[in-house]
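**Student:** Mind having a look at this structure? Questions to follow.
The values are calculated or read from the model by the stated rules, or taken from the named source; none is laboratory data. Predicted model only: the values in this text are computed from it and were never measured. Cβ placement follows ideal geometry from the backbone for every residue including glycine, while neighbour counts extend to all protein chains displayed.
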Amino acid sequence: MTDLAALRPAFDRLKAGNPARRLTFGFAERRKALARLGQVVRDHRDAIAAAVAADMGKHPVEADLVEVMPVLSEISHCQKHLRGWMRRRAVWPTLLMLGTSAALHPEPKGVALVIAPWNFPFLLALAPVISAIAAGNAVMVKPSELTPATSALIARLLPLALPDLAQVIEGGADVAQALLDMPFDHIFFTGSPAVGKIVLAAAAKNLAPVTLELGGKSPVVVGADADLAQAAKWVAWGKGLNAGQICVAPDHVYVHETVMENFRSALRAAFAKSYGRDAGASPDLTHIVNDRHFARLSGLLEDALRRGATVEALGKDDPSRQIMAPKLITGTTPEMAISTDEIFGPLLPLIPYRNLTEVVAAINAGPKPLTLYAFGGGNLVGRLRDETSSGSVGVNLTVMPFIHANLPFGGVGNSGMGAGHGKAGFDTFSHLKPVLKNRFTLLPMLFPPYSAKVRRLKNLVLQLVK
Ligand code: NAD
C-alpha cells in the first residue's frame with residue numbers, strides 16, 4: 001500500500017537533486033546510467049519473463065521478444081546516438097537575422113512522471129524512462145496496478161540501476177491522481193483515451209507539458225489486389241501477439257468483397273500455423289489480463305451476436321484461466337459496441353467493402369486511429385495515406401511502426417499527442433532552448449529615434465522582406 005503522504009517528499013528529493021545535475025549530469029553520466037539500466041535488465045531476464053508470465057501468461061519467448069528486447073534495443077540506440085542528440089543544433093539565419101548565429105540547446109526538463117499501462121507492463125514503463133534519462137531528467141514511474149508482479153519487479157530493479165535518478169511508485173488510480181497533483185516538468189502517459197483526458201486536465205493545473213500515448217481502433221484495409229497470404233500472416237500475427245492486447249493491434253479489417261472468402265481462409269491458416277487448430281490450447285497464446293477484461297471482451301461478443309453478427313472461434317476459451325481463442329466476426333453493424341469501442345483483445349471483425357471511398361469515409365467518420373494498415377497496390381495505399389489521418393501508417397505489415405527506433409511513435413487527435421522512441425523520445429523530455437547570439441547584426445540601425453534615415457532604411461527592409 002503506497003503511503004500518499006510520502007509522495008511529495010520523494011518528488012522533492014528528485015527535484016532537489018536535479019538542478020545541480022543540469023550542469024553535471026552530462027554525456028558520460030547519462031551513458032553510464034543507461035549502461036547500468038541495460039545491465040540490470042540483462043541480469044534479470046528470467047525474472048522479467050516470470051513476472052509477465054504470472055501477470056498474463058506471456059510465453060517466455062514472447063517476453064524476451066516484446067518486453068526485454070525492445071528495452072535493450074532502445075537503450076543501445078540511445079547510447080549510440082546520445083552525443084549527437086545532446087549537441088547544439090545550429091539554425092540558419094533568416095534575412096533579418098543576418099549578423100547573428102543561432103542554435104537549439106537541448107536541456108533536461110527536470111523531473112518527469114511516467115504513468116504506464118498493463119499490456120506491455122515492463123516495456124511501456126521502461127521505454128519512456130530510457131528517453132527521460134537520456135535527456136538528463138530524473139523520473140518517477142507509476143507502473144500498472146493490473147500487472148502487480150511486473151510492477152513489483154520494476155520497483156525492485158530501477159533503484160538498482162538508477163538509485164537517485166528514478167523512483168517507482170506502485171498503486172492504482174488514487175496514487176496516479178496524487179502524483180498528478182505535483183508540479184512535474186513533463187508527464188508521459190500511456191493508456192486509454194478516457195484516462196488521458198483526466199491526465200491532461202490534471203496537468204493543466206501545473207501547466208505541465210504532456211505526452212499522451214493513447215489507443216483507439218486501428219483499421220486494416222485489404223484490397224482486391226493484395227497478397228492475401230501475406231496480409232493474413234501479418235494480421236494474424238498482429239492480432240495474436242499479446243492476444244490482441246496491443247495499442248497498435250489490428251482492430252478490425254475492411255476486406256474487398258471479392259476476396260473476402262479467400263482472405264478468411266488465409267487468416268484461418270495463418271492463425272492455425274502459429275497457434276494450432278485449437279488456439280485456446282496453445283502455450284504461445286497470451287492470456288487476457290484479468291477477469292474484468294475477459295468479461296468486457298465477452299460482453300462485446302455477446303452484444304455483436306445478439307445484434308446478428310456471426311462468430312467463428314479458432315479454438316476453445318478457458319474463462320477460468322482467462323484464455324480467449326481468436327475469433328473472426330462477420331456481419332457487424334455500426335451500432336454494435338464492437339464497432340465503436342477499442343477491442344483490445346483477440347476478436348477480429350471482418351467488414352466487406354465494395355469501393356475504397358466507403359472505407360475512407362468510414363475511417364474519417366470515427367476518431368483518428370493510432371495506426372492504419374494497408375495491404376494492396378499503390379493506389380489503395382496512396383489514397384489511404386493521403387485521404388485519412390492516423391498516428392502512423394503501416395504498409396504490407398502490422399505492429400512494426402511501433403518498433404522502428406528511427407520513427408517517432410505517437411497518436412493524433414483521440415489516439416494521443418506528442419511522440420516517443422529514439423530521438424523523438426529524447427526531444428520529448430528535452431526543452432530545445434533557442435540561443436541567439438549577436439555578432440554584427442545591423443538591427444540597431446532601426447532603433448529609435450525614428451529619424452528620416454531610419455525610416456528610409458525601414459522602407460528598404462520592407463522591400464527586402466515582402
Ligand atoms: P488505463 O488508461 O486504464 O490505465 C493506464 C494507467 O493510468 C495505469 O497506470 C492506471 O493506474 C492509471 N489510471 C487509471 N485510472 C486513472 C485515473 N482516473 N487517473 C489517473 N491515472 C489513472 O489503460 P490500460 O487499461 O492500462 O491500457 C490500455 C489502453 O492503453 C488502451 O486504450 C491502449 O490502446 C492504450 N495503450 C496505448 C499505447 C501507446 O503507445 N499509444 C500503448 C499501450 C496501451
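**Student:** For the stretch 338-353, how many residues are within 21 Å of residue 119 (Cα to Cα) and either part of a helix (DSSP H, G or I) or not assigned by TED's automatic domain parsing to the domain that holds residue 310 (or both)?
**Tutor:** 2
**Student:** Kindly indicate which of 440, 402 is within 16 Å of the ligand (Cβ to nearest atom) and touching a residue at least 12 places away in the same chain (Cβ under 8 Å).
**Tutor:** Exactly one of 440, 402 is within 16 Å of the ligand (Cβ to nearest atom) and touching a residue at least 12 places away in the same chain (Cβ under 8 Å), namely 402.
**Student:** Evaluate the stretch 80-98: report whether one residue or more is out of contact with any Leu (no Cβ under 6 Å at 6 or more places or on another chain), more than 22 Å from residue 211 (Cα to Cα) and either within 16 Å of the ligand (Cβ to nearest atom) or in a strand (DSSP E or B) (or both).
**Tutor:** Yes, because at least one residue in the stretch 80-98 is out of contact with any Leu (no Cβ under 6 Å at 6 or more places or on another chain), more than 22 Å from residue 211 (Cα to Cα) and either within 16 Å of the ligand (Cβ to nearest atom) or in a strand (DSSP E or B) (or both).
**Student:** Quick check: anything in the stretch 68-75 closer than 23 Å to residue 274 by Cβ and among the β-branched types (Val, Ile, Thr)?
**Tutor:** Yes, some residue in the stretch 68-75 is closer than 23 Å to residue 274 by Cβ and among the β-branched types (Val, Ile, Thr).
**Student:** Moving on. Restricting the first residue to the stretch 129-147 and requiring it to be under 16 Å from residue 169 (Cβ atoms), which pairs with a second residue that is of a type in the set (Asp, Glu) meet a Cβ separation below 6 Å and a spacing of at least six or different chains?
**Tutor:** Short answer, once both residue conditions are applied: 147/55.
**Student:** Regarding the stretch 218-240, can at least one residue be identified that is within 19 Å of residue 344 (Cα to Cα), surrounded by 24 or more Cβ atoms within 10 Å (Cβ to Cβ) and within 10 Å of the ligand (Cβ to nearest atom)?
**Tutor:** yes
**Student:** Just the residues that are among the polar types (S, T, N, Q) and in contact (Cβ under 8 Å) with a residue 40 or more places away in the chain, please, taken from the stretch 301-329. Break it down stepwise before answering.
**Tutor:** Looking only at the stretch 301-329, we keep the residues that are among the polar types (S, T, N, Q), and these are 310, 320, 322.
Across the stretch 301-329, the qualifying residue is only 322.
**Student:** Quick check, is residue 171 of a type outside the set (A, V, I, L, M, F, W, C), more than 21 Å from residue 51 (Cα to Cα) and part of a loop (DSSP other than H, G, I, E, B)? Break it down stepwise before answering.
**Tutor:** Details: of a type outside the set (A, V, I, L, M, F, W, C): yes; more than 21 Å from residue 51 (Cα to Cα): no; part of a loop (DSSP other than H, G, I, E, B): yes.
Judged against the criteria, residue 171 is not a match.
Listed here are the residues, each with its yes/no results for (1) in contact (Cβ under 8 Å) with a residue 40 or more places away in the chain; (2) in the same structural domain as residue 47 (by TED's automatic domain parsing); (3) among the polar types (S, T, N, Q); (4) within 12 Å of the ligand (Cβ to nearest atom).
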| site | (1), (2), (3), (4) |
| --- | --- |
| 150 | yes, yes, yes, yes |
| 156 | no, yes, no, no |
| 163 | no, yes, no, no |
| 177 | no, yes, yes, yes |
| 187 | yes, yes, no, yes |
| 193 | yes, yes, no, yes |
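**Student:** Does the stretch 72-88 include one or more residues that are touching a residue at least 24 places away in the same chain (Cβ under 8 Å), at negative phi and more than 24 Å from the chain's Cα centre (by Cα)?
**Tutor:** Start the filter on the stretch 72-88 by keeping residues that are touching a residue at least 24 places away in the same chain (Cβ under 8 Å), which leaves 72-79, 81-83, 85-86, 88.
Among the residues that remain, those that are also at negative phi are: 72-79, 81-83, 85-86, 88.
Restricting the remaining residues to those that are more than 24 Å from the chain's Cα centre (by Cα) gives 83, 88.
Yes, there is a match, as at least one residue in the stretch 72-88 is touching a residue at least 24 places away in the same chain (Cβ under 8 Å), at negative phi and more than 24 Å from the chain's Cα centre (by Cα).
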